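Chemist: Pasting a structure below so you can have a look.
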Amino acid sequence: MILHDPSLNMAFRDYGIMLPIAPDRASRVAEFLGKDGALSSFPGPVLDIPGALGLLGEAGSRPVLDRADLERVHQRDFVAALYGDPGRGAPAEGRPDTMSGLEGALLYAYELIDSRGRPHRYEPDRALKPLPALFDTILAQVGGTYLACRLALGQIGAPPGAAGFCYYLGGGMHHARYDSGSGFCLVNDIMIAARKIQAEGRARLIWIVDVDAHKGDGTAELVRFARNRGGPGEPGGIGARGVYGPVLTLSVHMASGWPLDAESLAAARPGRAPLVQSDIDIGIEAGEEAAYVPRLKEGLCGMEKLSAGASGPMPDLAIVVDGADPYEHDGLPSSGLLRLSLDQCLARDRLIYTFLRERHIPSAWIMAGGYGDRAWEPPARFLEGLPEPRR
Ligand SMILES: [Zn+2]
């Protein structure tokens, strides 16, 4: 099952944001799979958001997400700023006054103002739409991540006896933190989806397997903060708000090079580490590409051991943050310290896919990072090569 909705295209340049993200990346994956009958094999049809809601029996019933879904994960003041509550959303400590409210949160998350307060990769004069309008598209993208989880859990489109699988050509905002966006991510769709799925009683233990080039630092922070606050199923007991199930995180990423602003981040937030630990972090040094897949396998086996030890046998759902930016032809300079070949990217994805499938763990895959004209290639080739027969 593939979830792809062209209406969710961020089209950053329409907002004056000049990021090196190809606006047609998701469409190119879908087009490639549509050619020459590539989709005559698994993973089956390409669904858009209305199609997904229809399959789930929820067509036209309500918005996919609401504000409470964000408040389950992020700080309430931060969410209030995003929704434009008057008097809320003062800039975080160490940030200029221009970084307040929704617009300020977007400027900060997409790194559009440099340390001297000047526009950076941001040309508002060329914008076709006001910056705050981007929020609605981001929320719709987050809703897609949640729907991908629902489709995977519902076994929809899966062959008999196989675990559910859904690949969402969107999402992956793994840098968004508890009280701010970060690294081109305003809110954390992964954790918003995971906590909503848990709150609805659809899954207990959820794994997050993050193989983007950059560490899933926001996700790690949100899991760790919730665990420290405490919640049923997390070490720490009953939380002050909400019901949390256990989430375990694995991140395989560049050993260095992220975050770019570690020093200023640490200075702006005394006492808070720039990077919070995932349950398992695996840093790959430049030149260690050949060790990537074996070390990923160790990480997955480590997740299995942690699960058996803490929360029962196996997860009910895995969310795979399948960034294409470790690819050697990725166009983002800061991800150049990790340069997997296409074959290595495919070996990575097939290992995760096979590992989860052998254990009958439903999985929702999200596309995450990937920059430049060739970022569509790893997910397209992975999906093309999936062996299961179509239903
Ligand atoms: Zn990345």
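Chemist: Based on other C-beta atoms within 10 Å, arrange Trp365, Trp207, Trp376 from fewest to most.
Modeler: Ranked by crowding around the Cβ, least crowded first: Trp376, Trp207, Trp365.
Chemist: Right, here's the next one. Once the other residues with Cβ under 12 Å from the Cβ of Asp343 are scored (Lys, Arg +1; Asp, Glu -1), what is the net sum?
Modeler: Summing Lys and Arg as +1 and Asp and Glu as -1 gives -1.
Chemist: Could you work out the local net charge near Asp322, counting Lys and Arg as +1, Asp and Glu as -1, over the other residues with Cβ closer than 11 Å to its Cβ?
Modeler: -3
Chemist: Collect residues whose amide H, placed 1.01 Å from N in the peptide plane, falls under 5 Å from the amide H of Tyr327; neighbours closer than 5 in sequence don't count.
Modeler: Result for Tyr327 returns Leu340.
Chemist: If the cut-off is 19 Å between C-alpha atoms, which aspartates and glutamates fall inside it for Lys305, apart from same-chain ones fewer than 8 positions away?
Modeler: Candidates past the 8-residue exclusion: Asp210, Glu234, Asp279, Asp281, Asp316, Glu358.
Chemist: Determine the dipole magnitude for the stretch 291-358: charges of +1 sit on the beta-carbon of Lys and Arg, -1 on that of Asp and Glu, nothing else is charged, the reference point is the Cα centre, and the result goes in debye to the nearest 20.
Modeler: Dipole size: approximately 200 debye.
Chemist: Which whole number of Å³ per residue matches the convex hull of the alpha-carbon atoms in the stretch 94-156?
Modeler: Looking at the stretch 94-156, the number lands at 121 Å³ per residue.
Chemist: Does the stretch 274-391 come out rounded, prolate or oblate, given a ≥ b ≥ c as the square roots of the eigenvalues of its C-alpha gyration tensor, rounded meaning a/c under 1.5 and, failing that, prolate meaning a/b above b/c?
Modeler: Since a/c reaches 1.5 but b/c is at least a/b, the shape of the stretch 274-391 is classed as oblate.
Chemist: OK, next. Over the alpha carbons of the stretch 332-391, what is the largest minus smallest coordinate on each principal axis, giving the biggest first in Å?
Modeler: 39, 21, 19
All of the numbers you see were taken from the coordinates with simple rules; none came from a lab. Predicted model, so just to flag it, every value in this text is computed and none were measured. When we count neighbours, we look across all protein chains shown, and the Cβ atoms used for this are built from the backbone with ideal geometry, even at glycine.
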